[in-house]
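Structure first, commentary second.
The values are calculated or read from the model by the stated rules, or taken from the named source; none is laboratory data. All values derive from a computational prediction rather than experimental measurement. Positions of Cβ are backbone-derived with ideal geometry, glycine not excepted, and every protein chain shown enters the neighbour counts.
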Amino acid sequence: MIGRWLGIVTACVWMAVARAQMPVTARFEAAPGSPLIGEPATLTLVVEAPAEAEVTLPQITADWPPFEVRAAGEVEKTMRDGRVVYRQSFTVILWTPGDYRTPETFVEYRLPPDGENQRASVEPAFFTVPSVIEPNDLVLRPLKPLEMLPYISPWMILAAGGAVAAGGLSLARRLNRRRAQKPAGGQLLDVTGRTLDELRRVRGLVLPAAEVYIWAGECLRGYLEERFKVATRELTTEELLAALQSRSALTPRQNQELRRILDQIDLVKFARFRPAPDSTQGLLQRISRWVVGTSSEDGAP
């Protein structure tokens, strides 16, 4: 009986020593569930190594296709069964539906006494981002009836086009002369001031983060409508950007920043993305800086 228990103890000790001397193992762990488009998900890197090993964790940057890494946590180091366990969590986002796996990643380490550098491959984690399209929606929609268009002579089209072009050229010249006679920055300052006052008022309200995003979006669209004479509330984000681009109203940099702001607001308004409460101040500041920037380039202080 004593010999049997002695054998069990010896086997346990041998297994513990063997585990402590195992090479480095690494894996990615993903939180259960399927994240939505643009919804932050948690990804954890777990590395197990012998106590005497020198481990170098991989450097994961913000641009980590197909993932966008929003935040990287601190490395936590613990001991378990004579081995060191490293854990580091990341907040990642996927922007299109589909099945994904983490990119190929390696952990570098060195074991005494030879001290040669070695690499261990990190086992990937898998994500599935579902589509926002409802698969069970099988209701047929009625088609619009065909419309019979009357025949118009090409000569009439050319004549009408020439008349429209001449009228547009005359109107453009009148507008240019009127702008030259208009005091610089007068009306623009009023629009900018009202917009900044509204943003400050929204910043002072105690509202949920999603409502602040929607209020800020309405305020920004109101500024664009009054500033550039575009019916913004009847247009989607793509249609609004196309209208502003056709008028050469913004610089490429301003257009790119406006797209980022509107896309961020659309995620909250239409994709029901839940923003962090502390992100509202950053959004309002970005909109304020963008409004002031567009006003400054037109001569307003």
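From the list 68, 147, which one is modelled with pLDDT of 90 or more and either within 28 Å of residue 36 (Cα to Cα) or not in a strand (DSSP E or B) (or both)?
68
So which of 257, 239, 225 is outside the structural domain of residue 91 (by TED's automatic domain parsing), out of contact with any helix residue (DSSP H, G or I) (no Cβ under 7 Å at 6 or more places or on another chain) and either hydroxyl-bearing (Ser, Thr, Tyr) or modelled with pLDDT of 85 or more (or both)?
239
Would you point out which residue out of 76, 123 is closer than 27 Å to residue 276 by Cβ and in contact with a strand residue (DSSP E or B) (Cβ under 9 Å, 6 or more places away or on another chain)? Spell out how you get there, then give the answer.
Details: 123 fails: closer than 27 Å to residue 276 by Cβ.
Of 76, 123, the one residue that is closer than 27 Å to residue 276 by Cβ and in contact with a strand residue (DSSP E or B) (Cβ under 9 Å, 6 or more places away or on another chain) is 76.
In the range 222-262, which residues are in contact with a Leu (Cβ under 8 Å, 6 or more places away or on another chain), closer than 24 Å to residue 282 by Cα and without any contact (Cβ under 8 Å) to a residue 24 or more places away in the chain?
Listed by number, the residues that qualify are 224, 232, 240, 241, 255, 259.
Restricting to the range 187-215, count the residues that are among the polar types (S, T, N, Q) and not in a helix (DSSP H, G or I).
Selection size over the range 187-215: 0.
Would you be able to say whether some residue in the range 79-87 is closer than 30 Å to residue 38 by Cβ and in contact with a strand residue (DSSP E or B) (Cβ under 9 Å, 6 or more places away or on another chain)?
Within the range 79-87, one or more residues are closer than 30 Å to residue 38 by Cβ and in contact with a strand residue (DSSP E or B) (Cβ under 9 Å, 6 or more places away or on another chain).
Kindly indicate whether residue 92 is surrounded by 15 or more Cβ atoms within 10 Å (Cβ to Cβ) and within 19 Å of the chain's Cα centre (by Cα).
Values: surrounded by 15 or more Cβ atoms within 10 Å (Cβ to Cβ): yes; within 19 Å of the chain's Cα centre (by Cα): yes.
So residue 92 passes the test.
Limited to the range 241-268, what total is found for residues that are under 21 Å from residue 172 (Cα atoms) and in a helix (DSSP H, G or I)?
Summing the residues that are under 21 Å from residue 172 (Cα atoms) and in a helix (DSSP H, G or I) in the range 241-268 gives 5.
If you go through the range 222-250 one residue at a time, how many are crowded, with 17+ Cβ neighbours inside 10 Å and among the aromatic types (Phe, Trp, Tyr)?
Qualifying residue count, the range 222-250: 1.
Here are some conditions: (1) among the charged types (D, E, K, R); (2) outside any strand (DSSP E or B); (3) surrounded by 13 or more Cβ atoms within 10 Å (Cβ to Cβ). Residue 48 meets all but one. Which one does it not meet?
(2)
I'd like the residue in the range 216-235 that is hydrophobic (A, V, I, L, M, F, W, C) and part of a helix (DSSP H, G or I) and, out of all such residues, is farthest from residue 295 (Cα to Cα).
216
Just to be sure, is residue 278 surrounded by 16 or more Cβ atoms within 10 Å (Cβ to Cβ) and either out of contact with any Leu (no Cβ under 9 Å at 6 or more places or on another chain) or in the same structural domain as residue 36 (by TED's automatic domain parsing) (or both)?
Criteria not met by residue 278.
What number of residues within the range 82-112 satisfy the criterion of being farther than 16 Å from residue 26 by Cα and either outside the structural domain of residue 28 (by TED's automatic domain parsing) or in a loop (DSSP other than H, G, I, E, B) (or both)? Write out each step before concluding.
Start the filter on the range 82-112 by keeping residues that are farther than 16 Å from residue 26 by Cα, which leaves 82, 91-100, 112.
Now drop any that are not either outside the structural domain of residue 28 (by TED's automatic domain parsing) or in a loop (DSSP other than H, G, I, E, B) (or both), which leaves 82, 94-97, 112.
Qualifying residue count, the range 82-112: 6.
Is it the case that residue 171 is modelled with pLDDT of 75 or more, touching a Phe, Trp or Tyr at 6+ places or on another chain (Cβ under 8 Å) and within 25 Å of residue 240 (Cβ to Cβ)?
For residue 171, the condition - modelled with pLDDT of 75 or more, touching a Phe, Trp or Tyr at 6+ places or on another chain (Cβ under 8 Å) and within 25 Å of residue 240 (Cβ to Cβ) - is not met.
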